């Protein structure tokens, strides 16, 4: 009589393989978390910069006024809307990732050390620099490429984007009203010295 050979895995072998697989999966998730967070920060920054550039470019191309409104919501996510000035038609609405917001983190470099020396680093959305009245969260782009407020004043300013309780996730975008030039920034730390570097 031929002896039958047992085939397959024992329960113990199967459980060992599953345990090893779970350990590898957990290690991969822990390793990927910082990368995923950085990706969402960068995504929020890119969405904000792209919305502003799109409004300026459409304004110049179509010879019409377009304005951008930044909305910081108590409950995430924060939003950006691009609206045609003449008709009030919302052209685009953008939403930034839930764990990133228009906000200022404690510990940011203050006055004199902010990107392009705009503001004092205390307000998350700080347009209309040097103007007593006006909406600090709205920027009007004109067909000549300039950025102004609702009253026709040149609109210089800055907007900060960061994750809560994460100082070095901070990004900023500055706007020069006379030219409509936009510049992106990121906060860095070298040997305990905090500084902004243009992206």
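The values are calculated or read from the model by the stated rules, or taken from the named source; none is laboratory data. The shown structure was predicted, so the numbers you read here are calculated from the model rather than taken from an experiment. Counting neighbours? That spans all protein chains shown, and the Cβs are built from the backbone with ideal geometry, glycine included.
Some points to look at:
- For region 118-140, the criterion of being farther than 19 Å from residue 187 by Cβ, modelled with pLDDT of 95 or more and under 15 Å from the mean Cα position of the chain (by Cα) is met by no residue.
Here's the yes/no breakdown for (1) exposed (fewer than 15 other Cβ atoms within 10 Å of the Cβ); (2) touching a helix residue (DSSP H, G or I) at 6+ places or on another chain (Cβ under 7 Å); (3) over 30 Å from residue 129 (Cβ atoms):
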{"position": "21", "(1), (2), (3)": "yes, no, yes"}
{"position": "47", "(1), (2), (3)": "no, no, no"}
{"position": "55", "(1), (2), (3)": "no, no, no"}
{"position": "70", "(1), (2), (3)": "no, no, no"}
{"position": "77", "(1), (2), (3)": "no, no, no"}
{"position": "107", "(1), (2), (3)": "yes, no, no"}
{"position": "115", "(1), (2), (3)": "no, no, no"}
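- Residues being more than 13 Å from the chain's Cα centre (by Cα) and closer than 19 Å to residue 80 by Cβ - total across region 157-173: 1
- Annotation note: Cβ proximity below 7 Å between a residue of region 22-41 that is within 12 Å of residue 99 (Cβ to Cβ) and a residue that is surrounded by 10 or more Cβ atoms within 10 Å (Cβ to Cβ) (sequence gap 6+ or interchain) occurs for 37/163; 40/97; 40/99; 40/100; 41/100; 41/163; 41/169; 41/171.
- Scoring residue 16 on the criteria (1) over 13 Å from the mean Cα position of the chain (by Cα); (2) modelled with pLDDT of 80 or more; (3) not in a helix (DSSP H, G or I) leaves a single failure, condition (3).
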